[in-house]
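Working notes, beginning with the structure itself.
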Amino acid sequence: MSENRIELDQDIRPVSEFRKNAASFIDRIQQQKRSIVLTQHGKSAAVLVGVSEYQRMVDKLDKMEDLLKAERQIAHGEVFTHEEAKKKIEENLAKWK
């Protein structure tokens with residue numbers, strides 16, 4: 001949601017309002033491409049996010065975790081030279097022939 005940030009005066013709503021108007025909340029999320037923060041007893045309780053935005057966030061998190069794993073492997077010396085990597089790939093490809 002980086003390009004469509006939450007508008008504090010429009011996108012923070014009480015959960016009681018959501019209960020009464022769930023369908024319109026979902027329509028709004030899909031049309032405006034902005035999340036809605038639900039409050040309960042005056043405090044933030046949940047965030048409604050569109051499905052495509054949720055998938056984008058999950059994909060981004062997966063990529064970030066892969067990068068962190070790679071950085072840890074590099075820091076621990078778990079690396080291959082280009083030639084070693086090429087040899088491993090060729091060996092694996094040979095198994096599929």
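Any read-out appearing in this document is the output of simple, stated calculations on the displayed coordinates, not a laboratory observation. As the structure is a prediction and not an experimental result, all values here were calculated from the model. Positions of Cβ are backbone-derived with ideal geometry, glycine not excepted, and every protein chain shown enters the neighbour counts.
Points worth noting:
- Within the stretch 26-44, being out of contact with any strand residue (DSSP E or B) (no Cβ under 6 Å at 6 or more places or on another chain) and more than 15 Å from MET57 (Cβ to Cβ) holds for ILE26, ASP27, ARG28, GLN30, GLN31, GLN32, GLN40, HIS41, GLY42, LYS43.
- Whichever residue in the stretch 24-49 is among the hydroxyl-bearing types (Ser, Thr, Tyr) and not in a strand (DSSP E or B) and, among such residues, is surrounded by the most Cβ atoms within 10 Å (Cβ to Cβ): SER35
- Qualifying residue in the stretch 74-87 (condition: within 13 Å of the chain's Cα centre (by Cα) and surrounded by 10 or more Cβ atoms within 10 Å (Cβ to Cβ)): no
- Checking each residue in the stretch 50-97 for being assigned to a helix (DSSP H, G or I), over 23 Å from ILE6 (Cα atoms) and basic (Lys, Arg) picks out LYS63, LYS69, ARG72, LYS86, LYS87, LYS88, LYS95.
- Filter result (within 14 Å of GLU7 (Cβ to Cβ) and of a type outside the set (Lys, Arg)) within the stretch 20-30: ILE29
- Listed by first and then second residue, the pairs with beta-carbon distance under 8 Å, at least 6 apart or on different chains, first residue in the stretch 56-83 and closer than 30 Å to LYS33 by Cβ, second surrounded by 10 or more Cβ atoms within 10 Å (Cβ to Cβ), are MET57/VAL49.
- Lone unmet requirement of (1) within 30 Å of SER24 (Cβ to Cβ); (2) of a type in the set (A, V, I, L, M, F, W, C); (3) out of contact with any strand residue (DSSP E or B) (no Cβ under 9 Å at 6 or more places or on another chain) for VAL47: (3)
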